[in-house]
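Reading through the structure tokens given below for one structure.
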Amino acid sequence: MYESVKELVKDAEEKGLSISELMIQQEILENQGTRQEIWQRMEQNLLVMQDAAKRGVTGKGVHSKTGLTGGEAVLLKKYRQEKTSLSGDVMLSAVQNAISTNEVNASMGVVCATPTAGSSGTLPAILFTITDRLNLSHEQMVRFLFTAGAFGMVIANNAGIAGATGGCQAEVGSAAAMGAAAAVEAAGGTPRQSSEALAMAISNLLGLVCDPVAGLVELPCVKRNAIGAGNGLISADMALAGLTNKIPADEVIQAMDKVGKGLPRALRETGIGGVAGTPTGLKLKMKIFGKKVMGD
Amino acid sequence: MVANYKSVFDIIGPIMIGPSSSHTAGAVAIGRAANKVFNGLPEKITVHYYESFAQTHKGHGTDYAIISGILGFNPDDSRVPDAINTAKSKGMTVKFIEEKEDSPINHPNTAIINLQSIDKEITLAGCSIGGGTIEVRGIKMDGFDIKPQGPLPIVLIKGNSTDKKIAEEKLNKLTQIHKFNRYSSSNKQKQMFEYDLSRQLRVDEVAKLSNKLPELIYL
């Protein structure tokens, strides 16, 4: 198992293999599956991601039980069709896929956690956007997920991926970093450029708090995935252009871990601080749960 | 480094019903661990929540997620959202308690599950560490007070030195044993062996082990 990004990149360079291939080989070796079994399981995950992204923009979209989120991916789709967007259609397709997926998650639909459910829109948004942009094959799409998983394992084992322990930086931040690194590989970049993209993506969202209104994975979680996707794509582009982060990926991951541990409990998925603690946030919480809620 | 995330599918996955991998899918996993330790369906379920779990379980569907696990469901089972009614219709009593103090196992996403029937009782302390992955940091059963380090998979075997020898021979063939612990029951008459493994075992591998060691629990 790879304990650091440095080890992963070094092994890829020495063997002349892609990160996705190293991940597949490690999975075969360490978890005793056949290549075919592992490949098919990842294809199944991809299918769930595609279904979720589609479901959120079909008809009137999906709506959560609380009414806090839903139907906004449909608004974006319409806006893309009718207006000239400011950030460009490639970026807005990422935003749409991210929001669509997370609206499905908030409405208790089926998603694939990448790495978590709260951040499940970020990675597919990056993947589907570059699939259209670069005409990726089905095989390249599946490989993207293995590459993202390889980097995600290093982040998860060294820092963590739970909002309750590390804040949103550990969820949407990690998802953006995984997506950035995998996008670099899909675009023909080197393993080293993948690690630079990862380092930039985490650095860009370092310190992001986890402050869900009423403790629900809705506000501001759904739209944070849009920012995660945008951040991932921009970080991948910067790395492909040859920009470097100067602070190495492994040190950035360590920094994220330390920042997470330093966050007060109110900003780690308790629904107390941040936007959850605003007058409107508290009012929404009262409306949903009534008086019998702790933490007020 | 003790790696909690041992497979690419711990990161890309699980496929699950929303909205939270740690508070929903992870809660199902903690419930499933309790189900395996109890080995059957209980009559009385009591769940104690701490910290983030205590604050946000209602919004995340943690209640029905934990009960789903106790009933043996998977996180993507469509019966998950209706699990509390299912449990009640089977005659089980279900109670959730929001604890005010810090988690006794030192993690913000902590649930301690107590399961009872006429002739047995178990308590399992689990925490959900993100992305649907969990740790089990305490189990009380049959007079044993088991305190694993946390990361799964864990194999528990109740038995004598012959069982221990068989277990080690079989497990060493399959994978690496990270950590070994031995526990004595409160009346000192029985022994329990705990093995922390370096990879998840496949269903067929667990079935083969259970053939030789009927008292085996695989978490």
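Which one is nearest to the other protein chains (Cβ to nearest Cβ) among residues in the range B:70-114 that are in contact with a Cys (Cβ under 8 Å, 6 or more places away or on another chain) and either small (Gly, Ala, Ser) or closer than 15 Å to B:ALA29 by Cα (or both)? Among those that are in contact with a Cys (Cβ under 8 Å, 6 or more places away or on another chain) and either small (Gly, Ala, Ser) or closer than 15 Å to B:ALA29 by Cα (or both), it is B:ASN109. Among residues of the range A:3-29 being crowded, with 18+ Cβ neighbours inside 10 Å and out of contact with any Asp or Glu (no Cβ under 7 Å at 6 or more places or on another chain), the one that is farthest from the other protein chains (Cβ to nearest Cβ) is A:VAL9. Sub-6 Å Cβ pairs linking a first residue in the range B:184-199 that is under 16 Å from B:ASP163 (Cα atoms) to a second residue that is of a type in the set (D, E, K, R), at least 6 apart or interchain, are B:MET192/B:LYS158; B:PHE193/B:LYS164; B:PHE193/B:ARG182, ordered by first then second residue. Considering (1) within 28 Å of A:CYS112 (Cβ to Cβ); (2) open to solvent by 30 Å² or more (accessible area, probe 1.4 Å); (3) part of a helix (DSSP H, G or I), the lone condition that B:ASN74 does not fulfil carries the number (3). Looking for whichever is out of contact with any Leu (no Cβ under 6 Å at 6 or more places or on another chain), open to solvent by 10 Å² or more (accessible area, probe 1.4 Å) and without any contact (Cβ under 8 Å) to a residue 12 or more places away in the chain here; the options are B:LYS58, B:LYS44. Which one fits? Only one candidate qualifies: B:LYS58. Of all residues in the range B:12-61, those satisfying the criterion of being assigned to a strand (DSSP E or B), within 14 Å of chain A (Cβ to nearest Cβ) and touching a helix residue (DSSP H, G or I) at 6+ places or on another chain (Cβ under 7 Å) are B:ILE15, B:MET16, B:ILE17, B:TYR49.
Looking only at residues in the range A:119-155 that are of a type in the set (Gly, Ala, Ser) and open to solvent by less than 10 Å² (accessible area, probe 1.4 Å), which one is farthest from the other protein chains (Cβ to nearest Cβ)? Show your work before the answer.
Here is the first cut: in the range A:119-155, the residues of a type in the set (Gly, Ala, Ser) are A:119-121, A:125, A:137, A:148-150, A:152.
Add one more test, that the residue is open to solvent by less than 10 Å² (accessible area, probe 1.4 Å), and what stays is A:119-121, A:125, A:148-150, A:152.
Numbers: A:SER119: 9, A:SER120: 8, A:GLY121: 11, A:ALA125: 15, A:ALA148: 7, A:GLY149: 4, A:ALA150: 7, A:GLY152: 4 Å.
Across the range A:119-155, the extreme among qualifying residues is A:ALA125.
Tell me yes or no: at least one residue of the range A:30-44 is in a helix (DSSP H, G or I), within 11 Å of chain B (Cβ to nearest Cβ), without any contact (Cβ under 8 Å) to a residue 40 or more places away in the chain and within 30 Å of A:GLU251 (Cβ to Cβ). The answer is yes, given that some residue of the range A:30-44 is in a helix (DSSP H, G or I), within 11 Å of chain B (Cβ to nearest Cβ), without any contact (Cβ under 8 Å) to a residue 40 or more places away in the chain and within 30 Å of A:GLU251 (Cβ to Cβ).
If the condition is being facing chain A (nearest Cβ under 8 Å) and either in a loop (DSSP other than H, G, I, E, B) or hydroxyl-bearing (Ser, Thr, Tyr) (or both), then the range B:1-11 contributes B:MET1, B:ALA3, B:ASN4, B:TYR5, B:LYS6, B:SER7, B:ILE11.
One residue stands out among those in the range A:80-107 that are open to solvent by 20 Å² or more (accessible area, probe 1.4 Å) and of a type in the set (A, V, I, L, M, F, W, C): the one that is nearest to the chain's Cα centre (by Cα), which is A:VAL95.
Do you know which residues across the range B:169-183 are open to solvent by less than 60 Å² (accessible area, probe 1.4 Å) and farther than 30 Å from A:GLU37 by Cα? Outline the logic, then answer.
Residues of the range B:169-183 open to solvent by less than 60 Å² (accessible area, probe 1.4 Å): B:171, B:174-175, B:177, B:181, B:183.
If the condition is that a residue be open to solvent by less than 60 Å² (accessible area, probe 1.4 Å) and farther than 30 Å from A:GLU37 by Cα, then B:ASN181, B:TYR183 are the ones that fit.
Considering only the range B:77-120, state which residues are surrounded by 15 or more Cβ atoms within 10 Å (Cβ to Cβ), of a type in the set (A, V, I, L, M, F, W, C) and either within 30 Å of A:ARG265 (Cβ to Cβ) or touching a residue at least 60 places away in the same chain (Cβ under 8 Å) (or both).
B:VAL80, B:ALA83, B:ILE84, B:VAL94, B:PHE96, B:ILE105, B:ALA111, B:ILE112, B:ILE113, B:LEU115, listed by residue number.
Condition check for A:VAL110 on (1) in contact (Cβ under 8 Å) with a residue 40 or more places away in the chain; (2) buried (at least 24 other Cβ atoms within 10 Å of the Cβ); (3) farther than 17 Å from A:SER235 by Cα: one failure, at (2).
The values are calculated or read from the model by the stated rules, or taken from the named source; none is laboratory data. The shown structure was predicted, so the numbers you read here are calculated from the model rather than taken from an experiment. Note: ideal-geometry Cβ built from the backbone for every residue, glycine included; neighbour counts use all protein chains shown. Heavy atoms of the whole protein, side chains included, go into the accessibility calculation; ligands, DNA and RNA do not. Shrake-Rupley method; radii C 1.70, N 1.55, O 1.52, S 1.80 Å.
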